[in-house]
Amino acid sequence: MNTKPTLAKFSSYVLTYIFLSFLLIQSACINDYKVIDDMNDASFELVNQDSVRVVFPEDFRGQYVVMGFVYTNCPDICPLITQNLIKIQKDLGYPSNVQFLGVSFDPLRDTPEILHRYKEVFKVDENVNFLTGEPKVVQSFMDSVRVRTQESMRTTTDSGKEIYFLNHSDKIMVMNPKGEIIIEYGGSMPSIPSLIVQDLQSLIQ
Amino acid sequence: MNNQSLLFSSASTRTKPLILLLLFISISLGLMLGCNNKVDRPDSALEEQGRLTDLSMAKSEWNIAIKDAWARPTKAGMMSAAYFTIHNVGSVPDSLVQVSSSASEDVQIHLSYMNDGIMVMEEQPFVAIQASEQIPFQPGGYHIMIIQPTNDMEEGDSISLSLYFKSGMIIEETIQVGNPTM
(Lines give C-alpha, C1' and ligand atoms only; values in the text may rest on other atoms or scores of the structure.)
Protein backbone atom coordinates (compact mmCIF):
# COMPACT_ATOMS: atom_id res chain seq x y z
CA MET A 1 0.00 0.00 0.00
CA ASN A 2 1.30 3.46 -0.73
CA THR A 3 -1.11 5.41 1.50
CA LYS A 4 1.59 6.35 4.00
CA PRO A 5 3.81 8.30 1.57
CA THR A 6 0.74 10.13 0.18
CA LEU A 7 -0.36 11.13 3.68
CA ALA A 8 3.15 12.29 4.49
CA LYS A 9 3.27 14.29 1.26
CA PHE A 10 -0.11 15.82 2.00
CA SER A 11 0.98 16.74 5.54
CA SER A 12 4.14 18.42 4.27
CA TYR A 13 2.04 20.49 1.80
CA VAL A 14 -0.27 21.58 4.62
CA LEU A 15 2.63 22.52 6.88
CA THR A 16 4.35 24.47 4.09
CA TYR A 17 1.09 26.29 3.37
CA ILE A 18 0.63 27.19 7.04
CA PHE A 19 4.23 28.37 7.31
CA LEU A 20 4.02 30.54 4.17
CA SER A 21 0.69 32.01 5.30
CA PHE A 22 2.23 32.85 8.66
CA LEU A 23 5.17 34.60 6.96
CA LEU A 24 2.82 36.52 4.68
CA ILE A 25 0.66 37.72 7.57
CA GLN A 26 3.74 38.68 9.58
CA SER A 27 5.26 40.71 6.74
CA ALA A 28 1.95 42.45 6.19
CA CYS A 29 1.79 43.37 9.88
CA ILE A 30 5.28 44.87 10.17
CA ASN A 31 4.21 48.35 9.15
CA ASP A 32 0.66 48.04 10.37
CA TYR A 33 0.59 50.32 13.43
CA LYS A 34 -2.71 50.76 15.16
CA VAL A 35 -4.01 54.34 15.33
CA ILE A 36 -3.89 55.43 18.97
CA ASP A 37 -5.23 58.97 18.52
CA ASP A 38 -6.53 60.59 15.37
CA MET A 39 -5.55 64.24 15.62
CA ASN A 40 -7.29 65.31 12.41
CA ASP A 41 -10.27 66.88 14.14
CA ALA A 42 -8.01 68.87 16.45
CA SER A 43 -6.36 72.24 15.93
CA PHE A 44 -4.17 73.78 18.60
CA GLU A 45 -2.69 77.23 18.22
CA LEU A 46 0.68 77.26 19.91
CA VAL A 47 3.96 79.16 19.66
CA ASN A 48 7.50 77.88 19.36
CA GLN A 49 10.64 79.03 21.18
CA ASP A 50 10.96 81.94 18.75
CA SER A 51 7.35 83.07 19.34
CA VAL A 52 6.41 81.86 15.86
CA ARG A 53 2.78 80.72 15.61
CA VAL A 54 2.40 76.97 15.16
CA VAL A 55 -0.87 75.16 14.45
CA PHE A 56 -0.87 71.55 15.48
CA PRO A 57 -1.32 69.20 13.66
CA GLU A 58 -2.00 71.20 10.49
CA ASP A 59 1.52 72.58 10.14
CA PHE A 60 3.01 69.11 10.30
CA ARG A 61 0.69 67.28 7.92
CA GLY A 62 2.59 65.20 5.38
CA GLN A 63 5.53 64.40 7.62
CA TYR A 64 6.29 62.16 10.53
CA VAL A 65 6.43 63.93 13.89
CA VAL A 66 8.34 62.68 16.92
CA MET A 67 7.18 64.57 20.00
CA GLY A 68 8.15 64.48 23.64
CA PHE A 69 6.42 66.21 26.55
CA VAL A 70 8.50 68.20 29.01
CA TYR A 71 8.71 71.18 31.35
CA THR A 72 11.89 73.13 31.84
CA ASN A 73 11.77 73.26 35.65
CA CYS A 74 12.16 69.50 35.64
CA PRO A 75 15.78 68.74 36.52
CA ASP A 76 15.85 64.99 36.11
CA ILE A 77 13.35 63.23 33.82
CA CYS A 78 12.63 65.89 31.17
CA PRO A 79 16.32 66.30 30.30
CA LEU A 80 16.33 62.56 29.58
CA ILE A 81 13.30 62.94 27.29
CA THR A 82 14.98 65.89 25.55
CA GLN A 83 18.24 63.98 25.17
CA ASN A 84 16.32 61.05 23.71
CA LEU A 85 14.72 63.34 21.11
CA ILE A 86 18.18 64.64 20.21
CA LYS A 87 19.58 61.10 19.96
CA ILE A 88 16.73 59.89 17.75
CA GLN A 89 17.25 62.82 15.39
CA LYS A 90 21.00 62.19 15.28
CA ASP A 91 20.67 58.41 14.80
CA LEU A 92 18.21 58.97 11.95
CA GLY A 93 20.74 61.27 10.30
CA TYR A 94 18.87 64.56 10.84
CA PRO A 95 16.06 63.73 8.39
CA SER A 96 14.28 66.70 6.82
CA ASN A 97 11.01 64.76 6.48
CA VAL A 98 10.70 64.07 10.21
CA GLN A 99 9.79 66.92 12.56
CA PHE A 100 10.87 66.80 16.21
CA LEU A 101 8.83 68.56 18.88
CA GLY A 102 9.19 69.14 22.61
CA VAL A 103 5.84 70.26 23.95
CA SER A 104 5.73 71.97 27.34
CA PHE A 105 2.91 71.12 29.73
CA ASP A 106 3.89 74.03 31.99
CA PRO A 107 2.89 77.04 29.86
CA LEU A 108 2.71 79.40 32.86
CA ARG A 109 6.46 79.23 33.34
CA ASP A 110 7.65 77.95 29.99
CA THR A 111 7.46 81.09 27.90
CA PRO A 112 9.03 81.13 24.41
CA GLU A 113 12.08 82.89 25.90
CA ILE A 114 12.57 80.13 28.49
CA LEU A 115 12.13 77.45 25.82
CA HIS A 116 14.71 79.23 23.71
CA ARG A 117 17.19 79.10 26.59
CA TYR A 118 16.31 75.45 27.22
CA LYS A 119 17.15 74.68 23.58
CA GLU A 120 20.50 76.43 24.02
CA VAL A 121 21.30 74.40 27.14
CA PHE A 122 20.75 71.14 25.30
CA LYS A 123 22.36 72.39 22.06
CA VAL A 124 19.26 71.27 20.19
CA ASP A 125 19.21 71.24 16.39
CA GLU A 126 17.17 73.78 14.40
CA ASN A 127 14.71 71.14 13.28
CA VAL A 128 13.57 70.57 16.85
CA ASN A 129 10.89 72.98 18.01
CA PHE A 130 9.72 73.49 21.55
CA LEU A 131 6.09 74.51 21.85
CA THR A 132 4.04 76.33 24.44
CA GLY A 133 0.84 78.36 24.39
CA GLU A 134 -2.16 79.62 26.27
CA PRO A 135 -2.66 77.42 29.35
CA LYS A 136 -6.18 76.37 28.27
CA VAL A 137 -4.99 75.40 24.79
CA VAL A 138 -2.02 73.49 26.17
CA GLN A 139 -4.25 71.66 28.65
CA SER A 140 -6.63 70.72 25.86
CA PHE A 141 -3.71 69.49 23.77
CA MET A 142 -2.42 67.38 26.66
CA ASP A 143 -5.87 65.90 27.20
CA SER A 144 -6.11 64.95 23.54
CA VAL A 145 -2.85 63.01 23.67
CA ARG A 146 -3.50 61.67 27.19
CA VAL A 147 -0.54 63.36 28.84
CA ARG A 148 -1.39 63.73 32.51
CA THR A 149 0.15 66.29 34.85
CA GLN A 150 -0.43 67.19 38.49
CA GLU A 151 1.27 69.62 40.81
CA SER A 152 3.37 67.54 43.17
CA MET A 153 5.17 69.85 45.48
CA ARG A 154 4.92 73.57 46.16
CA THR A 155 7.54 74.76 48.55
CA THR A 156 9.45 77.81 49.69
CA THR A 157 13.17 77.17 49.48
CA ASP A 158 15.75 78.12 52.09
CA SER A 159 16.42 81.33 50.18
CA GLY A 160 12.73 82.21 50.03
CA LYS A 161 11.94 81.23 46.43
CA GLU A 162 8.53 79.71 45.88
CA ILE A 163 8.83 76.75 43.55
CA TYR A 164 6.63 73.89 42.42
CA PHE A 165 7.12 70.68 40.54
CA LEU A 166 4.86 68.56 38.40
CA ASN A 167 4.26 64.85 38.28
CA HIS A 168 3.74 63.93 34.66
CA SER A 169 3.38 61.25 32.01
CA ASP A 170 6.67 60.13 30.55
CA LYS A 171 6.04 59.88 26.81
CA ILE A 172 7.47 60.25 23.35
CA MET A 173 4.98 59.72 20.51
CA VAL A 174 5.14 59.30 16.76
CA MET A 175 2.48 60.91 14.55
CA ASN A 176 2.24 59.76 10.94
CA PRO A 177 1.83 62.08 7.90
CA LYS A 178 -1.97 61.60 8.09
CA GLY A 179 -2.07 63.23 11.52
CA GLU A 180 -2.54 60.00 13.46
CA ILE A 181 -0.62 59.13 16.62
CA ILE A 182 0.52 55.61 15.91
CA ILE A 183 3.19 54.78 18.47
CA GLU A 184 3.81 55.74 22.09
CA TYR A 185 6.98 55.07 24.01
CA GLY A 186 8.25 55.67 27.56
CA GLY A 187 9.98 59.00 26.96
CA SER A 188 12.93 58.93 29.33
CA MET A 189 14.02 55.31 29.04
CA PRO A 190 17.54 54.83 27.64
CA SER A 191 16.40 52.02 25.30
CA ILE A 192 13.78 54.20 23.61
CA PRO A 193 15.87 55.98 20.92
CA SER A 194 16.93 52.72 19.23
CA LEU A 195 13.32 51.45 19.23
CA ILE A 196 11.97 54.65 17.72
CA VAL A 197 14.73 54.77 15.11
CA GLN A 198 13.98 51.16 14.16
CA ASP A 199 10.23 51.83 13.92
CA LEU A 200 10.65 55.04 11.95
CA GLN A 201 13.07 53.44 9.52
CA SER A 202 10.57 50.67 8.83
CA LEU A 203 7.77 53.23 8.41
CA ILE A 204 9.64 55.62 6.14
CA GLN A 205 10.97 52.90 3.80
CA MET B 1 25.35 80.27 101.17
CA ASN B 2 26.06 78.46 97.90
CA ASN B 3 29.07 76.25 97.12
CA GLN B 4 30.87 78.87 95.11
CA SER B 5 30.64 81.41 97.94
CA LEU B 6 31.91 78.76 100.35
CA LEU B 7 34.83 78.03 98.09
CA PHE B 8 35.86 81.64 97.83
CA SER B 9 35.25 82.49 101.48
CA SER B 10 37.36 79.56 102.62
CA ALA B 11 40.18 80.23 100.15
CA SER B 12 43.11 82.26 101.30
CA THR B 13 44.05 85.52 99.57
CA ARG B 14 47.02 83.71 97.93
CA THR B 15 44.95 80.89 96.45
CA LYS B 16 42.17 83.13 95.04
CA PRO B 17 44.17 84.25 91.94
CA LEU B 18 45.18 80.61 91.34
CA ILE B 19 41.54 79.45 91.38
CA LEU B 20 40.58 82.29 89.04
CA LEU B 21 43.45 81.37 86.71
CA LEU B 22 42.40 77.69 86.69
CA LEU B 23 38.79 78.71 85.95
CA PHE B 24 39.96 80.94 83.08
CA ILE B 25 42.12 78.16 81.61
CA SER B 26 39.34 75.54 81.84
CA ILE B 27 36.77 77.87 80.24
CA SER B 28 39.21 78.75 77.46
CA LEU B 29 40.03 75.09 76.86
CA GLY B 30 36.33 74.24 76.75
CA LEU B 31 35.68 76.92 74.17
CA MET B 32 38.66 75.82 72.07
CA LEU B 33 37.58 72.19 72.09
CA GLY B 34 34.06 73.26 71.24
CA CYS B 35 35.35 75.17 68.21
CA ASN B 36 37.49 72.23 67.06
CA ASN B 37 34.42 69.99 66.92
CA LYS B 38 33.00 72.20 64.16
CA VAL B 39 35.40 70.58 61.69
CA ASP B 40 33.34 67.43 61.55
CA ARG B 41 29.91 68.78 62.32
CA PRO B 42 27.30 70.35 60.12
CA ASP B 43 25.92 73.74 60.96
CA SER B 44 23.76 74.42 63.96
CA ALA B 45 20.59 74.34 61.88
CA LEU B 46 21.04 70.61 61.46
CA GLU B 47 21.42 70.12 65.20
CA GLU B 48 18.27 72.10 65.84
CA GLN B 49 16.42 69.70 63.58
CA GLY B 50 17.51 66.91 65.91
CA ARG B 51 19.12 65.02 63.08
CA LEU B 52 22.48 64.47 64.70
CA THR B 53 22.01 61.53 66.97
CA ASP B 54 25.25 59.62 66.71
CA LEU B 55 28.11 62.02 67.25
CA SER B 56 29.99 59.44 69.27
CA MET B 57 30.73 57.35 66.18
CA ALA B 58 34.43 56.59 65.87
CA LYS B 59 35.99 58.04 62.75
CA SER B 60 37.76 54.78 62.00
CA GLU B 61 34.40 53.02 61.49
CA TRP B 62 33.10 55.74 59.19
CA ASN B 63 34.18 55.64 55.59
CA ILE B 64 31.88 56.94 52.90
CA ALA B 65 33.14 57.56 49.39
CA ILE B 66 31.60 59.51 46.52
CA LYS B 67 32.54 58.54 42.99
CA ASP B 68 31.60 59.35 39.38
CA ALA B 69 30.09 62.71 40.36
CA TRP B 70 28.81 65.12 37.72
CA ALA B 71 26.20 67.86 37.34
CA ARG B 72 23.90 68.63 34.43
CA PRO B 73 24.78 71.77 32.44
CA THR B 74 22.21 74.55 32.62
CA LYS B 75 21.72 78.30 32.46
CA ALA B 76 21.53 80.64 35.45
CA GLY B 77 18.03 80.63 36.94
CA MET B 78 17.04 77.29 35.41
CA MET B 79 17.38 73.81 36.93
CA SER B 80 20.21 71.35 37.27
CA ALA B 81 20.87 68.10 39.05
CA ALA B 82 23.95 66.39 40.43
CA TYR B 83 24.61 62.68 40.26
CA PHE B 84 27.17 60.31 41.81
CA THR B 85 27.49 56.94 43.47
CA ILE B 86 27.66 56.96 47.23
CA HIS B 87 29.53 54.01 48.73
CA ASN B 88 29.54 53.23 52.41
CA VAL B 89 32.91 51.54 52.67
CA GLY B 90 32.78 51.71 56.47
CA SER B 91 31.30 49.31 58.98
CA VAL B 92 28.48 51.49 60.28
CA PRO B 93 25.24 52.64 58.64
CA ASP B 94 24.70 56.34 58.04
CA SER B 95 22.23 58.63 56.29
CA LEU B 96 22.66 61.52 53.90
CA VAL B 97 20.53 64.25 55.48
CA GLN B 98 21.38 67.51 53.75
CA VAL B 99 23.28 68.96 50.81
CA SER B 100 24.65 72.34 49.84
CA SER B 101 26.48 73.69 46.83
CA SER B 102 28.37 76.71 45.61
CA ALA B 103 26.09 76.71 42.56
CA SER B 104 22.87 77.63 44.37
CA GLU B 105 21.46 78.56 47.74
CA ASP B 106 18.76 75.94 47.22
CA VAL B 107 19.86 72.37 46.88
CA GLN B 108 17.67 69.39 47.78
CA ILE B 109 17.75 65.59 47.81
CA HIS B 110 15.12 64.23 45.41
CA LEU B 111 13.88 60.92 44.09
CA SER B 112 12.17 60.34 40.74
CA TYR B 113 10.09 57.21 40.26
CA MET B 114 7.19 55.90 38.21
CA ASN B 115 3.85 55.54 39.98
CA ASP B 116 0.74 54.41 38.15
CA GLY B 117 2.05 55.59 34.79
CA ILE B 118 3.05 59.01 36.11
CA MET B 119 6.62 60.14 36.70
CA VAL B 120 6.81 61.45 40.26
CA MET B 121 9.55 63.50 41.90
CA GLU B 122 9.69 63.94 45.66
CA GLU B 123 12.05 65.64 48.08
CA GLN B 124 13.70 63.14 50.42
CA PRO B 125 14.36 64.05 54.08
CA PHE B 126 17.27 61.57 54.11
CA VAL B 127 18.77 58.63 52.26
CA ALA B 128 19.93 55.76 54.49
CA ILE B 129 23.12 53.96 53.49
CA GLN B 130 23.88 50.63 55.11
CA ALA B 131 27.45 49.45 55.74
CA SER B 132 29.05 48.25 52.48
CA GLU B 133 26.07 49.52 50.48
CA GLN B 134 26.39 51.50 47.23
CA ILE B 135 23.54 53.79 46.20
CA PRO B 136 23.58 55.29 42.73
CA PHE B 137 22.29 58.82 42.36
CA GLN B 138 21.42 58.73 38.68
CA PRO B 139 18.94 60.19 36.17
CA GLY B 140 15.49 58.79 36.85
CA GLY B 141 16.25 57.94 40.50
CA TYR B 142 17.91 59.66 43.44
CA HIS B 143 19.47 62.98 42.51
CA ILE B 144 20.60 66.25 44.04
CA MET B 145 18.46 69.03 42.70
CA ILE B 146 20.23 72.34 42.14
CA ILE B 147 17.48 74.94 42.03
CA GLN B 148 17.99 78.04 39.90
CA PRO B 149 21.79 78.24 40.01
CA THR B 150 23.29 81.70 40.31
CA ASN B 151 25.52 81.34 37.24
CA ASP B 152 25.47 79.40 34.00
CA MET B 153 26.80 75.89 34.48
CA GLU B 154 28.69 75.13 31.29
CA GLU B 155 30.19 71.81 30.26
CA GLY B 156 33.67 71.62 31.81
CA ASP B 157 32.90 73.98 34.71
CA SER B 158 33.10 72.70 38.24
CA ILE B 159 30.97 73.34 41.31
CA SER B 160 31.34 72.37 44.94
CA LEU B 161 28.96 69.98 46.63
CA SER B 162 28.80 69.34 50.37
CA LEU B 163 27.06 66.25 51.67
CA TYR B 164 26.01 66.23 55.33
CA PHE B 165 25.50 62.95 57.13
CA LYS B 166 23.49 61.97 60.18
CA SER B 167 26.72 60.91 61.88
CA GLY B 168 27.90 64.51 61.74
CA MET B 169 30.43 63.87 59.00
CA ILE B 170 30.68 66.05 55.91
CA ILE B 171 32.00 65.21 52.48
CA GLU B 172 33.04 68.17 50.36
CA GLU B 173 33.51 67.43 46.67
CA THR B 174 34.33 69.48 43.61
CA ILE B 175 32.32 68.01 40.77
CA GLN B 176 32.45 68.48 37.01
CA VAL B 177 29.61 69.94 34.99
CA GLY B 178 28.73 67.60 32.14
CA ASN B 179 28.19 63.86 31.98
CA PRO B 180 31.59 62.21 31.41
CA THR B 181 29.94 59.13 29.87
CA MET B 182 28.18 61.07 27.11
Out of B:Y164, B:Y113, sole residue that is of a type in the set (F, W, Y), touching a strand residue (DSSP E or B) at 6+ places or on another chain (Cβ under 8 Å) and within 13 Å of another protein chain (Cβ to nearest Cβ): B:Y113
Hits in segment B:84-95 - residues which are over 24 Å from A:S188 (Cβ atoms) and either within 11 Å of chain A (Cβ to nearest Cβ) or part of a strand (DSSP E or B) (or both): B:H87, B:N88, B:D94, B:S95
Residue list for segment B:61-83, filter: within 14 Å of chain A (Cβ to nearest Cβ) and buried (at least 16 other Cβ atoms within 10 Å of the Cβ): B:W70, B:A71, B:R72, B:P73, B:T74, B:K75, B:M78, B:M79, B:S80, B:A81, B:A82, B:Y83
A:T72 more than 17 Å from A:M173 (Cβ to Cβ) and at pLDDT below 95: no
Test set (1) within 23 Å of A:Q150 (Cα to Cα); (2) without any contact (Cβ under 8 Å) to a residue 24 or more places away in the chain; (3) not small (G, A, S) - B:I144 fails condition number: (2)
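Results for (1) within 21 Å of A:P79 (Cα to Cα); (2) surrounded by fewer than 21 Cβ atoms within 10 Å (Cβ to Cβ); (3) in contact with a helix residue (DSSP H, G or I) (Cβ under 6 Å, 6 or more places away or on another chain), shown as yes or no for each residue.
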residue: A:S152; (1), (2), (3): yes, yes, no
residue: A:I163; (1), (2), (3): yes, yes, no
residue: A:N176; (1), (2), (3): no, yes, no
residue: A:E184; (1), (2), (3): yes, yes, no
residue: A:S188; (1), (2), (3): yes, no, yes
Residue match in segment A:146-159 (condition: among the acidic types (D, E) and either over 15 Å from A:V103 (Cα atoms) or within 12 Å of chain B (Cβ to nearest Cβ) (or both)): yes
B:M153 vs. criteria buried (at least 17 other Cβ atoms within 10 Å of the Cβ) and within 13 Å of chain A (Cβ to nearest Cβ): yes
Cβ-Cβ under 9 Å pairs, at least 6 apart or on other chains, segment A:106-124 side surrounded by fewer than 18 Cβ atoms within 10 Å (Cβ to Cβ), far side of a type in the set (A, V, I, L, M, F, W, C) and assigned to a helix (DSSP H, G or I): A:K123/A:I86
Identity of the residue in segment B:156-182, part of a loop (DSSP other than H, G, I, E, B) and surrounded by 15 or more Cβ atoms within 10 Å (Cβ to Cβ), that ends up modelled with the highest pLDDT: B:D157
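The values are calculated or read from the model by the stated rules, or taken from the named source; none is laboratory data. Everything numeric here is computed off the predicted structure, so don't read it as measured data. FYI the Cβ positions are ideal-geometry reconstructions off the backbone, even for glycines, and counts take in every protein chain you see.
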